[in-house]
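Colleague: Sending over a structure as structure tokens; questions will come in a sec.
The values are calculated or read from the model by the stated rules, or taken from the named source; none is laboratory data. Please read all numbers here as calculations on a predicted model, not as lab measurements. Reconstructed Cβ throughout: ideal geometry from the backbone, glycine too, with neighbour counts over all protein chains shown.
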Amino acid sequence: MVFACQADSFLVEFSSKVVSCEEAELKVVSNGKKTTVKGYEVVLEDTILFPEGGGQPCDTGSLDGVPVLQVTRRGAQAVHFVAAPLAVGAAVRQRLDWGRRLDHMQQHSGQHLISAIAEIEFGYATSSWWLGEEVSYIELDTQSVKKEEMDRMEEIVNEKIRAATPVTVKVFEEGDPQLTADRARGLPEDHVGPVRVVTIQGVESNMCCGTHVSNLSQLQAIKLLHAEKGKKNKTNLHFLAGGRVLGALDRCLGRERQLTGVLKGGPSEHVLLADKLQKTLKMCNKNLQTVLKDLAVLEAEKLKRLNPSPKFYMLHRREADSDFMSIFINEVGNQSALLFLTVGDDKGAGQMVLHGEPSAVSALGPRICSVLGGRGAGKGPKFQAKVSNLGNRSEAEELIRKFFEETRDQ
């Protein structure tokens, strides 16, 4: 069956009778979690809401104001999943989410055009494609695509767009000899009925079930982003078409304005200023590490001068790192004091090390780690961990004091 959305991809409203409505469940992903939604599967006599297929996601919209969450094709039927039931036999008003449809039309017709030019110019056949939410890609049957080849493809496809090349759709009955002359990757196993052939005038004809523009000028522009290695010696060519090109340009200009404010220089100087900033930061980090190393040595000397030597010693440095703690421990040497060292945000995340007599470390390490909200491990004289709440250092220090008080009393 050729649906109304395939006969006229520009229909945004349509009325059709309900053929069936049955209770069903739909598995969806929300905020990265899979959930099950209860609802109804509705089949209509005809529909302007495209069911997913041919690499193109389904349309969204509404039936008499009830949101359509998904549309799938089962043989000759389009099945609409909705949250509320609709009466069988009733005529319902379909409304299409035109923004989503136009975007999908631009990406799908853009894919046909790019695939055709890739094969005509370089002999790179398309084995599959993916219409992503932000960026789409075409899987080409080649191990690589050179930069100059991408540039040539982009030049040609945009020439076709500027020439306002017509795009037509014809419907053929199964078995029509004309179908053998049209390039295709094959039809779904459950396909029944007429076959649609999409033709870009003077470029290619291809069997396809998706929705398409009627003229390449409606694509506005195509931008080839990059090519990357795919599976089985193939290459994925990423692209944007239509409104996505303008959207990407708008985001790039927004970031450019932000960088101008941060770097205190215009776009033409951004790379130079960022490189200068990186070099300055690298030098500052190097100087900081030198200072921290000297500081660790001085802190260790301060501990070694204490008389009498303490049973435990606590030290926190917000700006330091694990190297600082290691240097401090090495400089202290074989002192008998139990060392409790922390670095990082005074109230937030950081690192801890407990170093000293093995029995004390094994007894206190896991408990202190728990108090600081961390995960760690220890062996012999050392327990170390990444922690999330250094604001609880005072509680950890109290555990150490009580441990030594109890040891003294025994």
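Colleague: Does LEU140 satisfy being closer than 16 Å to PHE50 by Cα and either β-branched (Val, Ile, Thr) or buried (at least 20 other Cβ atoms within 10 Å of the Cβ) (or both)?
Modeller: No; evaluated as a whole, the condition is false for this residue.
Colleague: Regarding ARG74, is this residue at pLDDT 95 or above and basic (Lys, Arg)?
Modeller: Against the criterion (at pLDDT 95 or above and basic (Lys, Arg)), ARG74 does not qualify.
Colleague: Looking at the stretch 88-101, is at least one residue over 23 Å from LEU216 (Cβ atoms), in the same structural domain as VAL18 (by TED's automatic domain parsing) and in contact with a Pro (Cβ under 8 Å, 6 or more places away or on another chain)?
Modeller: no
Colleague: Then there's this: Just give me the residues in the stretch 89-146 being in a loop (DSSP other than H, G, I, E, B) and touching a His at 6+ places or on another chain (Cβ under 6 Å), in sequence order.
Modeller: Across the stretch 89-146, the qualifying residue is only VAL135.
Colleague: Within the stretch 255-275, is there a residue that is touching a strand residue (DSSP E or B) at 6+ places or on another chain (Cβ under 7 Å) and either part of a helix (DSSP H, G or I) or aliphatic (A, V, I, L, M) (or both)? Please lay out each step first, then the result.
Modeller: The first filter runs over the stretch 255-275 and keeps only residues touching a strand residue (DSSP E or B) at 6+ places or on another chain (Cβ under 7 Å), leaving none.
Scanning the stretch 255-275 turns up no residue that is touching a strand residue (DSSP E or B) at 6+ places or on another chain (Cβ under 7 Å) and either part of a helix (DSSP H, G or I) or aliphatic (A, V, I, L, M) (or both).
Colleague: Looking only at residues in the stretch 214-235 that are of a type in the set (A, V, I, L, M, F, W, C) and under 28 Å from the mean Cα position of the chain (by Cα), which one is nearest to GLU173 (Cα to Cα)?
Modeller: LEU219
Colleague: Still on this structure, please answer the following. In the stretch 69-87, what count of residues is obtained for those that are outside any strand (DSSP E or B) and either within 13 Å of SER20 (Cβ to Cβ) or assigned by TED's automatic domain parsing to the domain that holds VAL195 (or both)?
Modeller: Initial filter on the stretch 69-87 (outside any strand (DSSP E or B)): 75-76, 83-87.
From what's left, either within 13 Å of SER20 (Cβ to Cβ) or assigned by TED's automatic domain parsing to the domain that holds VAL195 (or both): 85-87.
So the answer is 3.
A quick yes/no check of all residues on (1) closer than 17 Å to LEU315 by Cβ; (2) touching a helix residue (DSSP H, G or I) at 6+ places or on another chain (Cβ under 9 Å); (3) surrounded by fewer than 19 Cβ atoms within 10 Å (Cβ to Cβ); (4) at pLDDT 95 or above:
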| site | (1), (2), (3), (4) |
| --- | --- |
| THR342 | yes, yes, no, yes |
| VAL353 | yes, yes, no, yes |
| LEU372 | yes, yes, no, yes |
| ALA377 | no, yes, yes, no |
| GLN384 | yes, yes, no, yes |
| ASN389 | no, yes, yes, yes |
| PHE403 | no, yes, yes, no |
| THR407 | no, yes, yes, no |
